[in-house]
Amino acid sequence: MYDAPGVGLAAPQVGVLSRLYVMDCNKDPEAEPEPIVMINPEITWRSEALNVYEEGCLSIPDQYAEVTRPAEVRVAWLGLDGKAHEREFDGLWATCAQHEIDHLDGKLFIDYLSAMKRQMITRKMVKLKRETARG
Ligand SMILES: [Zn+2]
């Protein structure tokens, strides 16, 4: 995830069918990495206020699109410490949490786009896969 570089990675993206993901939206290159691992995450509250972010996904390389989501969310999850946690996130953290939890439900950010835009990206991915298979 850090190498990509990306700010989140969900288990299904690496072939693990568990409801868990990791995120770290701290973009300060000087900061120590502090990934948050969330097991069985659940969004318990969404703000009415919305936010638009240009999202990308490690499962859809080099494709970015603006997605509108609630600006703040409260997430409840089980931590690696075996304890229940609940916290509110905003900014990139809120977008990332929603994007990753979508992965656990088999949903991708392109599902929020218009049919035309989604088709454009899907076509590019099919082409990319063909090229990768050839190479
Ligand atoms: Zn993703």
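Just a few scattered comments:
- Neighbour-limited loop hits for GluC sites (Glu not before Pro), the range 1-90 (at most 11 other Cβ within 10 Å; DSSP other than H, G, I, E, B): Glu30, Glu48
- Label sites at Asp62 and Ser47, each approximated as a point 7 angstrom past Cα along Cα to Cβ, lie 3.5 nm apart.
- Charge dipole of the range 8-134 about the Cα centre (unit charges at C-beta), most positive-ward option of Leu80, Thr95, Phe109: Phe109
- Of the trypsin sites (Lys or Arg not before Pro) found in the range 44-105, the ones in coil according to DSSP and having at most 16 other Cβ atoms within 10 Å of their Cβ are Lys83.
- A Cα-only calculation for the range 49-90 places Rg and Dmax at 14.1, 36 Å.
- Label-point gap, in nm, between Ser18 and Glu30 - each point 7 angstrom along Cα→Cβ: 3.5 nm
- For the range 1-72, a Kirkwood radius taken over Cα pairs fed into Stokes-Einstein (10 °C, viscosity 1.306 mPa s) yields D = 114 µm²/s.
- Table column - 3J(HN,Hα) (Hz), the range 115-128, Karplus curve with 6.51, -1.76, 1.60, x for Gly and Pro: 4, 5, 5, 5, 4, 4, 5, 4, 4, 4, 5, 4, 5, 4
- Largest GNM mean-square fluctuation across Asp102, Asp28, Asp90, computed for the chain with C-alpha springs under 10 Å, falls on Asp28.
- Over the range 8-134, the hull volume per residue, using the convex hull of the C-alpha atoms, is 124 Å³.
Read-outs: derived from the displayed coordinates by stated rules, not from any lab. A quick note: this is a predicted structure, and the numbers were derived from the prediction, not measured. Quick reminder, even Gly has a Cβ in these numbers, built from the backbone with ideal geometry, and neighbours come from all protein chains shown.
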